[in-house]
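Everything on this sheet refers to the single structure shown next.
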Amino acid sequence: MANPQHLQMREDIEKYQRMAGVKSDSFRDLEAVPHWRAYETGVQHYKVDEYQEAVVKLEESLKEALLALEDCRALCEGPWEDETEEEIQPGLYEAVAAHYIQVLKCRQQCVLDIATKPGRVSATEDFIPSHFDLLQFAYNQVGNQALAAECAASYLLFYPMDESMLEKMKYYQTELGEGVSVTARENIYHYVQQSLKEKKLIYYAVEHLGGTFNDPDLWTSDELIPESQKQKRREDQEKQRLENLDVEQPEQRGPLFFEGLTITQDSRQLNGSQRVVFDRVLTDSECKDILRLAKAAGGTGDSYRGRRSPHTPHERFEGLTVLKALQLAQDGAVNWRDAKLLLQASEKSRKIVQSYFTPGKKLHFSFTHLVCRTAVEGEQDDRMDLSHPVHADNCLLDPEGKECWKEPPAYMYRDYSGILYLNDDFKGGELFFTELNAVTVTAQVRPKCGRLVAFSSGGENPHGVWAVTRGRRCAIALWYTLSQERAEQERLEAEALVKQRDMEQEKQPEDKQHQGLDDSGGTSPEPPVPKERARSTSQRHKLGSESPQQPQELRVRDEF
Ligand SMILES: O=C(O)CCC(=O)C(=O)O
Ligand SMILES: [Fe+2]
């Protein structure tokens with residue numbers, strides 16, 4: 001349920017379905033929670049204008065959610081489990097106060113507990129109030145204005161100044177007649193009052209006894225929050241605003257300082273935000289060299305062996321990191337210049353993406369690999385699946401909820417993504433963007449040599465790859481982060497390896513070096529015969545021991 005696209009699980013379920021005696025009701029979702037099941041069904045009905053059904057399900061969800069909330073709150077009154085207890089050694093009164101505050105905070109946090117969808121980590125904002133917003137609209141649609149008004153009044157308990165709801169309230173009141181009194185639901189009134197009293201006590205404690213309180217609700221009125229806490233809240237909001245601003249200003253572009261480079265499509269032409277297609281990032285001969293690297297690495301029998309794709313059984317999937325390529329080159333298994341070209345091509349792409357999306361801010365590599373997807377012959381008829389299911393690169397896409405959850409196991413620190421294509425001699429394999437629902441395709445890009453597609457890695461850019469039904473599609477997949485702490489360590493190791501080798505080459509001028517991306521000297525010769533393995537292996541180890549913060553274990557990572 002939480003991972004509907006998980007290939008292995010999908011296949012397992014299909015297998016179980018084929019077994020004798022297994023019926024559809026034999027499958028039970030052990031993570032299902034009554035209020036979430038009702039809520040999602042209700043929202044689905046609501047979205048397709050089935051308001052009668054929506055009302056039933058949303059009322060059920062509300063009832064179940066409030067019951068779950070009570071259960072959760074009751075469990076807060078357990079023994080005090082504070083590890084710092086011994087260190088502080090409080091007196092009796094302090095201990096009583098601290099315990100009581102802990103119980104109050106725990107009760108408050110229950111809102112997050114019930115508002116978190118099973119399998120998720122972050123809570124849905126305004127879960128309870130949003131029920132009343134949906135319900136007032138749905139009740140009005142089915143002609144029950146008395147209940148619509150009651151729901152609007154209940155919503156106003158949370159947000160008494162909400163202008164649009166106040167307007168609706170006025171409308172309902174006029175419709176019902178001035179003589180009819182409209183009141184909020186009593187249980188919701190009590191719920192809000194109780195919660196406010198708890199918050200008041202907690203804020204008092206925070207102000208006078210110290211500690212912190214992360215208020216789980218957005219609707220808490222400003223008056224309740226002490227000045228010191230308000231300041232913190234404002235700072236958080238400002239930080240959030242600045243972060244959003246970054247994403248909302250696609251027009252501020254930096255210079256593109258590579259000759260020949262063209263912008264083929266921008267966000268507007270790609271029907272979205274923070275998307276771009278560049279062409280002529282690589283020459284034909286550079287693509288050929290890197291493709292040769294992919295082919296040679298495939299033949300090494302090392303970790304680049306074609307495995308079944310993690311996304312589809314109809315394709316083989318091969319990935320090679322920059323460091324691994326250089327190590328293979330050191331071992332003589334692939335051409336050194338090709339491996340170096342992979343490093344240079346990824347650096348060129350990084351500069352382009354940085355200058356386009358984050359001028360003035362350093363973009364760091366988060367992960368890079370050369371990846372090929374090869375159609376498995378004879379298994380392509382009636383293929384319904386994708387080469388890469390629709391996803392976002394830094395959050396967990398939830399097409400039903402139309403949300404993207406920035407939480408583990410997503411690579412949350414990825415800020416921008418790039419894919420530098422190397423060839424077009426295959427069938428299928430176009431990259432496509434969709435809306436958050438993962439089905440409405442908004443733009444499509446056909447790979448070709450030297451084409452770089454770049455986009456922000458969040459929920460604004462869900463994307464997938466159509467099935468590759470013939471041939472082999474190779475690309476350099478690149479992910480970038482603005483966070484220096486998240487910068488890829490392997491990259492430093494790869495760069496150090498190149499530097500070391502370049503220095504060695506300087507001492508032997510007869511072994512001429514390929515100077516990289518602007519050299520149009522054509523496709524380089526075939527890889528040299530492998531050198532003695534023992535020597536290069538010892539070199540590698542030496543490098544690792546010189547730089548203690550770098551990973552000691554050298555391996556190809558699977559991070560896609
Ligand atoms: O290869 C592509 O076009 C896209 C691949 C992708 O989206 C990914 O690896 O996350
Ligand atoms: Fe992706």
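Just a few scattered comments:
- Between residue 10 and residue 189, full extension at 0.36 nm per residue minus the direct alpha carbon distance yields a gain of 60.0 nm.
- Nonlocal amide H pairs with residue 273, under 5 Å, H built at 1.01 Å: none
- Sum of side-chain charges, residue 447 neighbourhood, beta-carbon under 11 Å (Lys, Arg +1; Asp, Glu -1): +2
- 135, 482 arranged by Cβ crowding within 10 Å, fewest neighbours leading: 482, 135
- Relative contact order computed over segment 409-448 (Cα-Cα under 8 Å; 6+ residues apart), in percent: 38 percent
- Sequence ranges 312-322, 61-71, 360-370, 204-214, ranked by mean other-Cβ count within 10 angstrom, highest first: 312-322, 360-370, 61-71, 204-214
- Our note on the geometry: Cα centres of segment 422-437 and segment 344-358, 21 Å apart.
- Averaging the sequence gap over all C-alpha pairs within less than 8 Å and six or more residues apart, then dividing by the number of residues, gives segment 29-228 a relative contact order of 19 percent.
- Neighbours of residue 275 by Cβ distance under 9 Å: Lys/Arg scored +1, Asp/Glu scored -1, total -2.
- Relative contact order (percent, whole number), segment 146-200, Cα cutoff 8 Å, 6+ residue spacing: 47 percent
A short reminder: the numbers here are calculations on the coordinates, not readings from a lab. Note that the coordinates shown come from a computational prediction; the quantities given were computed from them, not determined experimentally. A quick note on method: Cβ atoms are made from the backbone with ideal geometry, for glycine too, and the neighbour counts reach across all protein chains shown.
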